Amino acid sequence: IINQNNNIINQNNPEPLVSVIMNSYNGEKYLHEAINSVFNQSYKNWEIIFWDNASTDKTAKIATSFGPRIKYFKSEKNIALGYARNLAFKKASGDFIALLDDDDIWLPTKLEEQLPLFDDHSVGLVYSDTINFNERKQEKRHFEIFDPVTGHCFSELLLGIDTFPITTAAVIFRTEVLKNRLINCDLDLIPIRDADLYCRIAYNWKLDCINKPLA
């Protein structure tokens, strides 16, 4: 069966499709690791929508080397990340959307552990704890600094924007929370663009969380 987006649907696979959005600009340094962390997922029904934001390094060569499971697109010129995310969202076919930047990695069971929380149909977004690390091998769990919130938590997120518990690498949300598959937020809020999106989702939907690092 071919759906309206000309994607082949496997009738024997009842698992929902997850569209993994990867936006990259000159991200060759960590890109192999980031993409491999998706291929290594225990949950296998996913697609990668890779939006190359006019990179001039080896980003294109690396991304296309992984084969057809990566749907590769490239901007003619470099644009702001919020607008680039919108272009990538419009290419997504999945029931759910997850975000993975080119300098982040997922732990192998991330999708498998998060998706069951959407059995509650009032939940629009699920996130988890994250391990923040650097090249000096220093590590710190995100929830050691910021307390997670769940349920109808719009007020907590809005009032705690300086202690925001949600990291982009930890997020997965229903595609239907996007209006016309576009970010419904102020794209010019550059420092807190993603946080603005998550607050807007929380205004209409419940959030849930897994209190362990998955990214």
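The values are calculated or read from the model by the stated rules, or taken from the named source; none is laboratory data. If you're wondering where the values come from, they're calculated on a predicted model, not measured in any experiment. In this analysis, Cβ positions are derived from the backbone assuming ideal geometry, glycine residues included, and neighbour counts consider all displayed protein chains. Heads up: the accessible areas ignore ligands, DNA and RNA and are worked out on the full protein's heavy atoms, side chains in. Shrake-Rupley method; radii C 1.70, N 1.55, O 1.52, S 1.80 Å.
General remarks:
- Number of the condition not met by residue 86 [criteria: (1) modelled with pLDDT under 95; (2) closer than 18 Å to residue 167 by Cα]: (2)
- Scanning segment 65-95 for residues that are open to solvent by 60 Å² or more (accessible area, probe 1.4 Å), aliphatic (A, V, I, L, M) and closer than 20 Å to residue 36 by Cα yields no hits at all.
- Among residues that are in a loop (DSSP other than H, G, I, E, B) and modelled with pLDDT under 90, residue 197 is not included.
- Qualifying residue in segment 143-152 (condition: in contact (Cβ under 8 Å) with a residue 40 or more places away in the chain and open to solvent by 70 Å² or more (accessible area, probe 1.4 Å)): yes
- Within the option set 48, 62, being closer than 30 Å to residue 119 by Cβ, modelled with pLDDT of 95 or more and buried (at least 19 other Cβ atoms within 10 Å of the Cβ) holds for one residue only, 48.
- Residue under evaluation residue 20, criteria (1) surrounded by 16 or more Cβ atoms within 10 Å (Cβ to Cβ); (2) of a type outside the set (Ser, Thr, Tyr); (3) not in a strand (DSSP E or B), criterion not met: (3)
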